[in-house]
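The values are calculated or read from the model by the stated rules, or taken from the named source; none is laboratory data. Source: prediction; values computed, not measured. Here the Cβ positions follow ideal geometry from the backbone for every residue, glycine too, while neighbour counts run over all protein chains shown. Heavy atoms of the whole protein, side chains included, go into the accessibility calculation; ligands, DNA and RNA do not. Shrake-Rupley method; radii C 1.70, N 1.55, O 1.52, S 1.80 Å.
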Amino acid sequence: SSGINAEWPLRPGSLQYAVFRNIKMTEKPMIVLFATVGSQFTTAAVVSYSQIKDKVTKELVNTVQVMGVGYDRGLGSYEMDLRLREHLADKFTEKYPKLSDVRKNGRAMKKLLKEARKVKTVLSANHDTYAQVESLHQDKDFRVKISREDMENLFADIFPRFQAPFLDAINSAGISKPEIEQVVLFGGGTRIPKIQEQILKATEQKELHKYINTDEAAAMGSAFMAASSSSVFRTKQIKLRDANQFPFFVSFNKLVLNEEGEVTETKLVNKELYYRNNGLPQKKAMTYTKFSDDFHFNVSYGNLDYLSEKQTNEFGSLPLMMVNVKGVKDVFNQHHDKTAKGIKAHILVDESGLISVDSVEALFETIVANKTEPGWMDSVSNFFGGNSDEEGEKKEGEAGEEKKEDEKKDEGDKKPEEEK
């Protein structure tokens, strides 16, 4: 990893909206839906603006919280550009039927695509315009009148699809449509009137907020995020909390022991470590108490039934990585005078929603003055070496049996497991 985090455009955009629109936050959340239609994707995000009490300082902090997200990775304005280009090619063929096929002229088709994008933009604000290209094909000029109605007929089957991402975002956030105070348009594709109609229909709003400059909002929001993370600059205190969009499962073979401590059987256990819409970043722990030798566990996506068939297919293979835990017996032998309490793996989901194993440690209990101290007296951390079998893992040797939440950074989750 280069250490550079690629920012989702709506993150800095929602932050810029809070900072430069001077939103007055209170303990009552203000809920805003951000709608972005890009070249090849459509995304909707439900964001709340409120004051939340900090767990450490106990002070109220202005917080921008992502509540839910909906998306369609195959729905964008590029498909419209291609259809409009084909329409222009048909019109050219009608005008010059004796010429060779313009579609076989790559340079001409590139010119038509550029003109199609221009026409689409103009018709977003006007009812009709002319598409014109000089010397398009075999030295023939091309000029044709196109109305907004003509363009909308070309995209008639595409427009209804724009409702789904916004409905998914609202359902994911667990709110009702009347709770949305504003719908903010973000992205060039949202300029098309018919798309705006679909957004209004999906959200049941009376009007849309159309006054954000997309490029400016993304740039200024990103600059504010960078300045906030620096010790050099002093900025307005605003906390940005993203949400994990997909659940993560941890699976392992649980050992069943008899009274003599012998393994009698193994059972495959699947546990949901991170739920959908968990706050980010966040770290949790899995503790395995029955293993005394090397073992492994798997990390995969969890239950994705809420996604459409098309969205599920985009994932490909659901398993993400297999983590090998090595050196368990050796470290237990080195500390044979202490009571082993298990292996704990700390699993992190970062700001970008990427999951990794942060660290692994062996837990021991020490007996002092003929009595057990009230907690862990010794821990051996990061004693596992090497890399896991899957690319992208930071470390080998991670563990966990009974799920225990640890070191959570998200306020809405349970309190972290304490090292007594």
Any idea which of E207, E272 is within 30 Å of S50 (Cβ to Cβ), of a type outside the set (A, V, I, L, M) and either assigned to a helix (DSSP H, G or I) or touching a Pro at 6+ places or on another chain (Cβ under 6 Å) (or both)? E272
Going through the stretch 147-180 in order, the residues found to be acidic (D, E) and in contact with a strand residue (DSSP E or B) (Cβ under 9 Å, 6 or more places away or on another chain) are E149, D150, D168, E179
Of the conditions (1) part of a loop (DSSP other than H, G, I, E, B); (2) at pLDDT 90 or above; (3) not charged (D, E, K, R), H336 clears all except one; give me its number. (2)
Residue count, the stretch 86-95, condition in contact (Cβ under 8 Å) with a residue 24 or more places away in the chain and open to solvent by 50 Å² or more (accessible area, probe 1.4 Å), comes to 2
Positions within the stretch 124-141 being hydrophobic (A, V, I, L, M, F, W, C) and touching a residue at least 40 places away in the same chain (Cβ under 8 Å), in sequence order: A125, A131, L136
Which of the residues belonging to the stretch 224-251 are more than 25 Å from P29 (Cα to Cα) and over 20 Å from the mean Cα position of the chain (by Cα)? A227, S230, S231, V232, F233, R234, S251
What residue, of I192, I238, is crowded, with 18+ Cβ neighbours inside 10 Å and touching a strand residue (DSSP E or B) at 6+ places or on another chain (Cβ under 6 Å)? I238
Enumerated strands (runs of 3 or more DSSP E) restricted to the stretch 104-185, each holding at least 3 residues that are within 33 Å of the chain's Cα centre (by Cα) and surrounded by 13 or more Cβ atoms within 10 Å (Cβ to Cβ): 182-185
In the stretch 317-337, the residues that are more than 13 Å from F291 (Cα to Cα) and β-branched (V, I, T): V323
One residue from S14, S77, S48, S39 being open to solvent by less than 20 Å² (accessible area, probe 1.4 Å), of a type in the set (S, T, Y) and at pLDDT below 90: S14
